[in-house]
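Coordinate-derived values only; no laboratory data. Just so it is clear, the structure is predicted and the values come from calculations on it, not from any experiment. With ideal geometry, Cβ positions are generated from the backbone for all residues, glycine too; neighbour counts draw on all protein chains shown.
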Amino acid sequence: MIVPFYNVQQYALDTLRSLRLNADRDFEFILVDDHSKDETPAILERAAEDLSDVARVRYIRHERNGGLATARNTGLDAAQGEYLTFLDGDDWLAPGYLTELVSAMDDLGCDFVRTDHVQATARARSVHRVPVGRRWEAFDPREAILPAHRSTSVDYAYAWAGAYHRRLMDKGVLHFTDGLRTAEDRPWIWKLHREAESFAVVSLLGVFYRRGVASSLTQIGDVRQLDFIRAFDQVVEETAADRDAGRLLPKAVRTYCAIIAHHLSHEDRFEPAVARQLRSMSAAAIKRMPQDALADALEAMDMDRSSKLRRLRRRVITTGAAA
């Protein structure tokens, strides 16, 4: 299990206690500190020593902050296990969950499995399920990308909600796009579904995903949030080169449009200069999209969201004509 940490001293002990309650001599915990500036490194140093009594543990500290994607890649490069999975440094696991996850991988024999999870916001708990009806059977992950008009497996882009066979890493499928500071799971989940040969969804509830953390990037309206554009540019570019581009590209473009519209609807949470940059970068992104797929996506969206994007589209056309 690969667990990146960054400035999570308030939550790290809960995360580490949950690892102990899942420990096994055959399990490997790779703790990656992404150059935290609080007490997280000291907590991890002590934990690495304590956990080594019950599991194999490796503690790695970055010399500079690289972001979640880079920290996960560090863990992948160090991992030695047959199966790989992730946890974020402010989340936690139910006791015994990892044993059940490994058992599912053993039984199903597929490239990867996906699991449901519990979202924790303060004291509230809510179950979030993989948007796939077929459970406990292996099938082609390409089949779970579509339809374009519904939430599908590629929209459930949580890397920690599942486990992955080492053969995927050997094929170059498991690493994340280095340096992405948000939406790092999006190109990764699309690549996983395009390039893996088999997967399954299992009804296990063991990951607790903590929302509303003040230090989380999703709560901070700075320029790092705009990395979602680079992430989705990658999704569209790689999907356009796929052998099934004609079928899959409308889904990629439609999702990209929905994410842009979401950020535009919440641009008041951004710093003013970042909000301006959001509009400018979103307009340029719309210009880069395959225009036929874009037109279909705008036609299918509700009036409020499509109007926002059409205004940006006109802005791009007008600017291009003036130049």
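Numerical summary
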quantity: Nitroxide proxy distance, nm - points 7 Å out along Cα→Cβ at R211 and D26; calculated: 3.6 nm
quantity: Per DSSP, loop trypsin sites (Lys or Arg not before Pro) in the range 10-102 with at most 11 further Cβ within 10 Å; calculated: R25, K37, R64
quantity: Debye log10 I(q)/I(0) at q = 0.11 Å⁻¹ for the range 228-299, Cα point scatterers; calculated: -0.27
quantity: V127-R276 FRET efficiency (beta carbon distance; Förster radius 30 Å; 0.05 resolution); calculated: 0.20
quantity: Ranked K251, K171, criterion: other C-beta atoms within 10 Å, fewest first; calculated: K171, K251
quantity: Fully extended contour minus Cα-Cα distance, from D222 to D304, at 0.36 nm per residue; calculated: 27.0 nm
quantity: C-alpha center-to-center spacing [the range 9-53, the range 81-132] in angstrom; calculated: 18 Å
quantity: Long-range amide H partners of V57 with built H, under 5 Å; calculated: F29
quantity: S151-S52 FRET efficiency (beta carbon distance; Förster radius 30 Å; 0.05 resolution); calculated: 0.15
quantity: Among beta bridges that DSSP assigns inside the chain, antiparallel share in %, nearest 5; calculated: 40 percent
quantity: Length gained when the stretch E45-H262 is fully extended (0.36 nm per residue, less Cα-Cα span); calculated: 74.1 nm
quantity: Dipole magnitude (debye, nearest 20) for the range 162-289, charges at Cβ of Lys, Arg, Asp, Glu; calculated: 180 debye
quantity: Restraint check, K171/K308; K251/K308; K171/K251, Cα-Cα greater than 30 Å; calculated: K171/K308
quantity: Cα-based Rg of the range 2-214 normalised by 2.2 N^0.38 Å, two decimals; calculated: 0.97
quantity: Extended-chain gain in nm, criterion 0.36 nm per residue less alpha-carbon gap, N65 and E197; calculated: 44.1 nm
quantity: Cβ-Cβ FRET estimate between K171 and R247, R0 fixed at 22 Å, reported to 0.05; calculated: 0.45
quantity: Exposure proxy order (Cβ contacts within 10 Å, fewest to most) of M303, M281; calculated: M303, M281
quantity: Relative contact order (%) - criterion: Cα under 8 Å, at least six apart; region: the chain; calculated: 17 percent
quantity: Value of relative contact order over the range 75-191, rounded to a whole percent, pairs C-alpha under 8 Å and six or more apart; calculated: 31 percent
